[in-house]
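Colleague: Structure incoming, see below.
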Amino acid sequence: MHNVTLIPGDGIGPEVTGATRDVVLASGAAVRFEEVLAGQRAEREAGAPLPAAVFDSIARTRLALKGPTQTPFGGDYRIHIERKDAEGRLETRSYPSIAIALRKELGLYVNVRPVRNYPGVPSRYDRVDLLIFRENSEDLYVGMERMIDEGTAEAIKIISLRATERVARFAFDYMRRLGRHKLTIGHKANVMKMTDGLFLKTAQDLAKEYPEIEVNQRVVDALCMELVMKPEEFDALLLPNLYGDIVSDLAAGLVGGLGLAPGANIGADCAMFEAVHGTAPDIAGKDRANPMATILSAVMLLRYVGEAAAGDRIEKALAEVLREKRFVTPDLGGDAGTRRMTEAIVEKLQ
Ligand code: NAI
């Protein structure tokens, strides 16, 4: 039995993670969920947006399924984490958001985001099948920002050889296992010569160990243009943290929207699965959210723990519901609610 920490999150989080839990349990997978709160409800009920109970649970399970958590725009909002260092001294670390705090504290160094067309889902393109690898631990997301004076702010961008090599090796090994053949490195090394230059060179150097994978590179702005013009020509993308975040939302738009894009944050001995999308405050609590991205994140989780058969069953049930188009959410061109779409998937699994 695999124990999985379930973090419902904010906004549409409880709706889409609740739907996912029902679907996973109906699939017969040997999974047990342990629910813990993070986000606004945790702040209200436990006095902290990311309570120690979350880390205690993940320390036991080494696996999490997370709903999105809300982060205010601007201001000095920070997530503070108190942890013991190697010598047992209490140390406080702070991060710009709950998602970043979890990824950093748990050592989840790569974010894998597959984006592809699904039959029955309306979209502008029909041959998209992209695998995005986003570096998950550094770049401008280290949260080192400060006001220099009232009218000037600065942020520090960190790119290291060690973190780049780690994410690039993960990407090459993952592609080798899946038989994917072409990797495009996205960067801005023409302007950020040292940071993005190091990212590009490190990934290119490592590519020599994987001769069967064709490697090319694009400046990230040109990459965005080409992705919109001819997305079917790309196979896999490797990107530093910030570009990876932006390009994966763009890629989700190519196949029908944010409701479709799943994700996996993976580290050496722990993994956390979450959709690309956020808390969608405009539709939260209205039974309109598409649960598909979180369900597909759970399918990635099932494959990760060796429950591939259950993952395949869920993907097949979901594909049938999408093809039939009777019970799909408004973003997929239907008029069903989150709950009805979930029931339709569960019915197919029975
Ligand atoms: P968002 O992804 O929440 O929403 C963007 C648009 O996509 C909205 O129109 C929304 O209705 C739609 N959308 C998103 N997910 C959908 C779904 N499952 N079904 C149907 N439509 C969906 O992005 P936004 O508005 O920029 O962020 C809202 C909040 O979410 C912010 O506080 C942000 O910090 C947070 N966020 C959290 C993430 C995480 O915890 N991993 C990731 C991204 C954003």
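Colleague: For the pairs K66/K316; K104/K230; K201/K316; K104/K201, note any where the Cα-Cα span goes beyond 30 Å.
Modeller: The answer is K104/K230; K201/K316.
Colleague: Sticking with this structure for a sec: Using Cα centres only, tell me the gap between the range 198-274 and the range 4-76 in whole Å.
Modeller: Between the Cα centres of the range 198-274 and the range 4-76 lies a distance of 26 Å.
Colleague: Label points 7 Å out from Cα along the Cβ direction at E347 and S160: separation in nm?
Modeller: 5.3
Colleague: Something else: If packing is taken as the average number of other Cβ atoms within 10 Å across a peptide's residues, how do 205-213, 248-256 rank, most packed first?
Modeller: Going by the mean number of other Cβ atoms within 10 Å, highest first, we get 248-256, 205-213.
Colleague: Can you give the local net charge around E105? Use residues other than it whose beta-carbon is closer than 9 angstrom to its beta-carbon, Lys and Arg +1, Asp and Glu -1.
Modeller: Here the count lands on +4.
Colleague: What figure, in Å² to the nearest 10, do you get for the accessible area of D221 with a 1.4 Å probe and non-protein molecules left out?
Modeller: The value for D221 is about 80 Å².
Colleague: Straight-line reach only, C-alpha to C-alpha below 24 angstrom: list the lysines that K208 could link to, leaving out same-chain residues fewer than 8 apart.
Modeller: Of all the lysines, those that pass the test against K208 - Cα under 24 Å, at least 8 places apart if same chain - are K182, K188, K193.
Colleague: Helix-only estimate, please: 222 nm mean residue ellipticity of the chain, summing -39500 (n - 2.57) across DSSP H runs of length 4 or more and dividing by its residues, to the nearest 500.
Modeller: Result for the chain: -12500 deg cm²/dmol, rounded to the nearest 500.
Colleague: So for each of 64-76, 105-117 I average, over its residues, the number of other beta carbons within 10 Å; can you give me the resulting order with the highest mean first?
Modeller: 105-117, 64-76
Colleague: With a/c under 1.5 counting as rounded, go ahead and sort the range 123-255 into rounded, prolate or oblate using the C-alpha gyration tensor (a ≥ b ≥ c being the square roots of the eigenvalues; past the cut-off, prolate if a/b is larger than b/c, else oblate).
Modeller: oblate
Colleague: May I ask you to evaluate 6.51 cos²θ - 1.76 cosθ + 1.60, the Karplus curve with θ = phi - 60°, for each residue of the range 102-107 and list the ³J(HN,Hα) values in order in whole Hz, giving x for glycine and proline?
Modeller: Calculated HN-Hα couplings, in order: 5, 4, 6, 5, 8, x Hz.
Colleague: What is the chain's relative contact order, in percent, from Cα pairs under 8 angstrom and six or more apart in sequence?
Modeller: In percent, rounded to a whole number, it is 22.
Colleague: Name the trypsin sites (Lys or Arg not before Pro) in the range 243-350 that are in a loop by DSSP and that have at most 12 other C-beta atoms within 10 Å, would you?
Modeller: For trypsin sites (Lys or Arg not before Pro) across the range 243-350 that sit outside H, G, I, E and B with at most 12 neighbouring Cβ atoms in 10 Å, the list reads R326.
Colleague: I want the antiparallel fraction of DSSP beta bridges within the chain, as a percent rounded to 5.
Modeller: In the chain, DSSP labels about 50 percent of beta bridges as antiparallel.
Colleague: Moving to a separate point now. Among residues other than G267 whose Cβ falls under 12 Å from its Cβ, what is the net charge (Lys/Arg +1, Asp/Glu -1)?
Modeller: +2
The values are calculated or read from the model by the stated rules, or taken from the named source; none is laboratory data. Since we're looking at a predicted model, the values are computed, not measured. All Cβ positions, even for glycine, are placed from backbone atoms using ideal geometry, and neighbour counts span all protein chains on display. To get the accessible areas, we keep the full protein, side chains included, count just its heavy atoms, and leave off ligands, DNA and RNA. Shrake-Rupley method; radii C 1.70, N 1.55, O 1.52, S 1.80 Å.
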